[in-house]
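Here's the structure we're looking at; comments come further down.
The values are calculated or read from the model by the stated rules, or taken from the named source; none is laboratory data. Just so we're clear, the structure is a prediction, and the values are computed from it rather than from any experiment. When we count neighbours, we look across all protein chains shown, and the Cβ atoms used for this are built from the backbone with ideal geometry, even at glycine. We work out accessible area using only protein heavy atoms, side chains counted, and drop any ligands, DNA or RNA first. Shrake-Rupley method; radii C 1.70, N 1.55, O 1.52, S 1.80 Å.
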Amino acid sequence: MSNRTADELLKWGLRNAPVSEDGSSSVAQVAADVAAGRRPDLADPGLYDAIMGKSEAQMMQEELSVAVDTTRTVEDRCTALDNFEMLIEQVDNANNMESMRMWPAVIALLRAAEPEIQMAAAWIVGTAVQNNDKAQAIALGHGVLHTLLPLLTAPRTDVRNKGVYALSAMLKHYAAAVQQFGEMDGWSKIRVALDTEHLGVRRKLVFLLNQLILQTHDEPAKAVPPPPPNNVHLPAPHEEVPATMRDGVTHPPVAQILVDTGLVSTILDSLAPVQTDPLPSIALCQGQPVRDDDDYLEKAVQVILTLLSQSPPPSPLPVEQLQQLAHLVSGTRATELGLDTQPLRAYLG
């Protein structure tokens with residue numbers, strides 16, 4: 001709190017203070033005692049915090065300090081991380097993580113030995129960068145993808161779940177992040193992660209893949225234009241170029257990458273496997289065919305439809321499995337799932 005604010009608070013207190021029997025103000029007496037050093041308890045700077053409340057920056061620092069303190073209980077540390085996550089739901093607080101040098105500590109917590117800490121840290125990363133291009137660029141610069149990728153295949157489902165959430169937020173509309181993800185063999189990590197017993201993780205992964213194909217199509221390379229010649233004066237742009245587009249990186253061809261890395265085959269194997277007796281593990285979830293789950297079926301089929309909508313579609317594609325897929329969603333089934341199967345029908349002729 002500024003000195004001016006403190007002075008105004010004191011003046012207000014003096015004006016509104018109760019008066020003692022001898023006519024003197026009790027607050028005035030306390031103020032005199034403080035000035036004379038007779039009330040050291042009120043000289044504590046923490047007094048203003050008690051009166052006015054701590055700033056959100058102070059709270060962020062305190063919560064992160066607890067979170068990284070390995071002498072505290074896991075429960076205390078997780079509570080602190082939950083509180084931190086709520087604070088950075090505000091974009092300004094999320095952006096202040098860089099100036100407050102908090103990103104290295106948060107990213108280090110993704111490597112914690114305790115799964116609960118890993119999950120809470122991944123939640124923080126996802127919240128900080130969600131729809132926040134500045135935070136995305138900062139987090140990428142700190143190497144966050146290197147620590148997020150192992151979470152996709154973590155033993156615990158809740159850790160994987162939050163890892164997918166954070167990864168999705170990092171890759172959204174960010175060509176450089178998608179490129180780095182591919183260079184780190186991230187596509188194979190997704191392929192492994194898809195073969196899980198948890199349907200929620202599967203749904204999130206296929207939804208992410210569909211979004212990545214769509215943004216490749218919608219966002220071709222958007223480089224920052226070169227500066228004009230010295231003798232040319234252009235008006236200032238009305239909108240600032242997003243931080244995720246300032247590097248001019250061309251968006252990788254995700255549709256073809258999904259074919260080349262075997263991810264399309266993996267998705268088709270989960271819906272229309274070539275081997276049916278017994279069904280491969282990718283086609284099962286807790287002993288039941290994964291295609292029996294309407295939510296997963298809709299999201300997984302949509303990946304194939306979006307891929308076939310590309311011009312031209314990637315190649316090569318397994319026609320036999322696509323035919324099985326067409327049969328699976330034929331008739332009213334596509335309508336029930338809200339799917340437009342025209343790209344599939346057109347591809348098969």
> How about region 296-337: which of its residues are more than 19 Å from P253 (Cα to Cα) and open to solvent by 60 Å² or more (accessible area, probe 1.4 Å)?
Replying inline: V319, E320, Q323, Q324, H327, G331, T332, R333, T335, E336
> Of L297, L348, L344, which residue is touching a residue at least 12 places away in the same chain (Cβ under 8 Å), within 18 Å of V206 (Cβ to Cβ) and over 26 Å from the mean Cα position of the chain (by Cα)?
Replying inline: L344
>> Can you go through A139, A177, A128, A193 and tell me which one is within 21 Å of L214 (Cα to Cα) and open to solvent by less than 10 Å² (accessible area, probe 1.4 Å)?
In response: A177
>> I'm checking my understanding of the structure. Among residues of region 52-73 that are open to solvent by less than 50 Å² (accessible area, probe 1.4 Å) and not in a loop (DSSP other than H, G, I, E, B), which one is nearest to I117 (Cα to Cα)?
In response: A67
> In this structure, is D133 acidic (D, E), over 20 Å from K204 (Cα atoms) and open to solvent by less than 50 Å² (accessible area, probe 1.4 Å)?
Replying inline: yes
>> So, T244, is that one hydroxyl-bearing (S, T, Y), modelled with pLDDT under 95, assigned to a helix (DSSP H, G or I) and open to solvent by less than 60 Å² (accessible area, probe 1.4 Å) or not?
In response: yes
>> Cβ-Cβ distance below 8 Å, separation of 6 or more or different chains: which pairs start in region 159-186 with a residue that is among the β-branched types (V, I, T) and end on one that is open to solvent by 10 Å² or more (accessible area, probe 1.4 Å) and outside any helix (DSSP H, G or I)?
In response: V178/H251; V178/P252
> Does L258 satisfy being touching a Pro at 6+ places or on another chain (Cβ under 9 Å) and either modelled with pLDDT under 95 or open to solvent by 50 Å² or more (accessible area, probe 1.4 Å) (or both)?
Replying inline: no
> Which members of region 74-83 meet the condition of being without any contact (Cβ under 8 Å) to a residue 24 or more places away in the chain and either farther than 18 Å from A122 by Cα or open to solvent by 20 Å² or more (accessible area, probe 1.4 Å) (or both)?
Replying inline: E75, D76, T79
> Just checking, which of V164, V159 is farther than 22 Å from N95 by Cβ, crowded, with 22+ Cβ neighbours inside 10 Å, in contact with a Lys or Arg (Cβ under 6 Å, 6 or more places away or on another chain) and outside the structural domain of L214 (by the TED database)?
Replying inline: V164
>> I'd like the residue in region 262-286 that is farther than 19 Å from V319 by Cα and either in contact with a Pro (Cβ under 7 Å, 6 or more places away or on another chain) or among the polar types (S, T, N, Q) (or both) and, out of all such residues, is least open to solvent (accessible area, probe 1.4 Å).
In response: P280
>> Cβ-Cβ distance below 8 Å, separation of 6 or more or different chains: which pairs start in region 46-69 with a residue that is β-branched (V, I, T) and end on one that is open to solvent by 90 Å² or more (accessible area, probe 1.4 Å) and modelled with pLDDT of 95 or more?
In response: V66/R72
>> Taking the condition of being open to solvent by 50 Å² or more (accessible area, probe 1.4 Å) and either assigned to a helix (DSSP H, G or I) or outside the structural domain of R160 (by the TED database) (or both), how many residues in region 84-102 meet it?
In response: 6
